[in-house]
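Input: a single structure, listed below in structure tokens.
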Amino acid sequence: MSNIQAMPRQASVIGKYLSLVKFSHTVFALPFALLGFTLAVAYERQTFHWYLLVFMLLCMVFARSAAMAFNRFLDRRFDALNPRTAQREIPAGVIAPRQALIFTIVNCLLFVATTWWINKICFMLSPVALFVILFYSYTKRFTALCHLVLGAGLALAPIGAYLAVTGYFSLLPLLFSFTVFTWVSGFDIIYALQDEDFDRGQKLHSIPAALGKRKALWVSNLLHVFSGLFVIAAGMLGQFGILYWIGVTVFCGLLVYQHLLVKPNDLSKVNMAFANTNGIASILFAVFTILELLL
């Protein structure tokens, strides 16, 4: 009987931590990591190893979990004051700050340990990757360019997965990283529109707080134009076929669609633009690109 009671309790604990790190948002970077891995294997004709795929996925989980938990730990005071975020796990008392910090440290150590088993360059660059993804949590305290730092963190996914297989850099996966960089930075600005007044009141920095909603949306638009240009450049450089260009059309179409959803005077569809539209864009673009590489 005690074992039966323990199982729901364990599931509840796991659920709390999955909620803490917003595990569902892995959908933004993970498809691009799989794209980078497939690019290395199929396009560069590297040998496929299951263990590399597993280690790459583990690195994604550990790095992202560390980044999200640390962000929640560091922002716990602001989250408690903001009505939109007051029910997050730490301010709501579901997870103690100390537990979140320990969770962060454990995931950082697991990330570095996993890179050791991949190759030398991934291991050597692991502290750099951790610095970028953890440093983001501080940036809102001193720069409106915090969105770009978040974009840089997620942009490590395709090039990191590519490095895990090849052990060297190349322009094509970097173009996909630049795509992620501008795409994520752009949609994070849209997400930050919700907190414009709160950020100003707490002396926190963001592009909406610095420029206002209308100009912030123009910056987001510009970043997403560059996202489209980068996927087009990657397609031309890689000389990809019809499946890739279908993926590009879907990806760019969904970028345009999310900007049609959000208006300076109407933020009611921000969450739809942020989570649903971008999640679908990432998955579909990666699926079409991976099919192009494999078929």
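Considering 293, 237, 284, 229, the condition of being part of a helix (DSSP H, G or I) and open to solvent by less than 60 Å² (accessible area, probe 1.4 Å) is satisfied by 293 alone.
Is it the case that residue 206 is farther than 28 Å from residue 42 by Cβ and in contact with a Cys (Cβ under 7 Å, 6 or more places away or on another chain)? If you could, list the steps in order and put the result at the bottom.
On the way: farther than 28 Å from residue 42 by Cβ: yes; in contact with a Cys (Cβ under 7 Å, 6 or more places away or on another chain): yes.
In short, yes.
For the range 14-42, the set of residues classified as open to solvent by 70 Å² or more (accessible area, probe 1.4 Å) and either modelled with pLDDT of 95 or more or of a type in the set (A, V, I, L, M) (or both) consists of 14, 18, listed by residue number. Take the range 173-187 and flag every residue that is open to solvent by less than 30 Å² (accessible area, probe 1.4 Å) and either over 21 Å from residue 41 (Cβ atoms) or polar (S, T, N, Q) (or both). If the condition is that a residue be open to solvent by less than 30 Å² (accessible area, probe 1.4 Å) and either over 21 Å from residue 41 (Cβ atoms) or polar (S, T, N, Q) (or both), then 177, 179, 182, 183, 184, 185, 186, 187 are the ones that fit. Here residue 118 meets the list (1) assigned to a loop (DSSP other than H, G, I, E, B); (2) more than 26 Å from residue 39 (Cα to Cα) almost entirely, failing just condition (2).
This table checks each residue for (1) touching a helix residue (DSSP H, G or I) at 6+ places or on another chain (Cβ under 8 Å); (2) surrounded by 18 or more Cβ atoms within 10 Å (Cβ to Cβ); (3) without any contact (Cβ under 8 Å) to a residue 60 or more places away in the chain; (4) at negative phi.
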residue: 137; (1), (2), (3), (4): yes, yes, no, yes
residue: 144; (1), (2), (3), (4): yes, yes, no, yes
residue: 155; (1), (2), (3), (4): yes, yes, yes, yes
residue: 161; (1), (2), (3), (4): yes, yes, no, yes
residue: 167; (1), (2), (3), (4): yes, no, yes, no
residue: 171; (1), (2), (3), (4): yes, no, no, yes
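Which of the residues spanning the range 242-271 are aromatic (Phe, Trp, Tyr), open to solvent by 30 Å² or more (accessible area, probe 1.4 Å) and either in contact with a Ser or Thr (Cβ under 7 Å, 6 or more places away or on another chain) or outside any helix (DSSP H, G or I) (or both)? Spell out how you get there, then give the answer.
At the first step, the residues of the range 242-271 found to be aromatic (Phe, Trp, Tyr) are 244-245, 251, 257.
Adding the requirement that they be open to solvent by 30 Å² or more (accessible area, probe 1.4 Å) leaves 245, 257.
Selection gives 257 alone.
Being open to solvent by 60 Å² or more (accessible area, probe 1.4 Å) and without any contact (Cβ under 8 Å) to a residue 12 or more places away in the chain: is that true of residue 131 here? Yes: the conditions hold for residue 131. Of the residues examined, residue 192 is one that is crowded, with 21+ Cβ neighbours inside 10 Å, aliphatic (A, V, I, L, M), assigned to a helix (DSSP H, G or I) and in contact with a Cys (Cβ under 9 Å, 6 or more places away or on another chain). Sort out which residues of the range 65-87 are free of Cβ contacts under 8 Å to residues at least 40 places away in the same chain, outside any helix (DSSP H, G or I) and in contact with a helix residue (DSSP H, G or I) (Cβ under 7 Å, 6 or more places away or on another chain), and write them in order of number. Scanning the range 65-87 gives 85, 86. Taking every residue in the range 257-273 that is touching a residue at least 60 places away in the same chain (Cβ under 8 Å) and under 17 Å from residue 28 (Cβ atoms) and pairing it with any residue that is hydroxyl-bearing (Ser, Thr, Tyr) and open to solvent by less than 50 Å² (accessible area, probe 1.4 Å), at least 6 positions away or on another chain, the pairs with Cβ-Cβ distances below 6 Å are 258/277. Restricting the range 25-50 to residues that are touching a residue at least 60 places away in the same chain (Cβ under 8 Å), of a type outside the set (A, V, I, L, M, F, W, C) and assigned to a helix (DSSP H, G or I) leaves a set whose member that is nearest to residue 73 (Cα to Cα) is 25.
Condition test on residue 149, is it open to solvent by 10 Å² or more (accessible area, probe 1.4 Å) and at pLDDT 95 or above? So residue 149 fits the description; yes.
The values are calculated or read from the model by the stated rules, or taken from the named source; none is laboratory data. No experiment lies behind these values; they were computed from the predicted model shown. A quick note on method: Cβ atoms are made from the backbone with ideal geometry, for glycine too, and the neighbour counts reach across all protein chains shown. Ligands, DNA and RNA are excluded from the accessible area calculation, which covers all protein heavy atoms including side chains. Shrake-Rupley method; radii C 1.70, N 1.55, O 1.52, S 1.80 Å.
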